[in-house]
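The values are calculated or read from the model by the stated rules, or taken from the named source; none is laboratory data. Everything numeric in this text was worked out from a predicted model, so none of it was measured. Note: ideal-geometry Cβ built from the backbone for every residue, glycine included; neighbour counts use all protein chains shown. Calculation scope for accessible area: heavy atoms of the full protein, side chains included, ligands and nucleic acids excluded. Shrake-Rupley method; radii C 1.70, N 1.55, O 1.52, S 1.80 Å.
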Amino acid sequence: FDPRHYLGTHCYGFPKTGPHRLRFLLESVKDLRDTLKKKGSTLVVRKGKPEDVIRDLTAQLGSVSALVFHEEVREIL
């Protein structure tokens, strides 16, 4: 979870993620983790800037041969 997603917007200060969306995200992640556990796998969940978290995780794992990620599309004003 990137903390920058829970700050106010730069234009009007509205929250980027309101309480209902946050609840949906948390419930979805919990459901995904539970489903993966039933299949013998797991889900790593971290809070922090992705560029820091991914660097730290790959350093901890040591034998990472590939990394796949999705970058959020940002609206150009």
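One table, with the values for the structure above:
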{"item": "Selection from the range 17-48 of residues that are in a loop (DSSP other than H, G, I, E, B) and open to solvent by less than 100 Å² (accessible area, probe 1.4 Å)", "result": "THR17, GLY18, GLY40, SER41, THR42, LEU43, VAL44, VAL45, GLY48"}
{"item": "Residue check for VAL64: open to solvent by less than 90 Å² (accessible area, probe 1.4 Å) and out of contact with any helix residue (DSSP H, G or I) (no Cβ under 8 Å at 6 or more places or on another chain)", "result": "no"}
{"item": "Residue ID - nearest to TYR6 (Cα to Cα), chosen from residues in the range 49-61 that are surrounded by 11 or more Cβ atoms within 10 Å (Cβ to Cβ) and either touching a strand residue (DSSP E or B) at 6+ places or on another chain (Cβ under 7 Å) or among the hydrophobic types (A, V, I, L, M, F, W, C) (or both)", "result": "VAL53"}
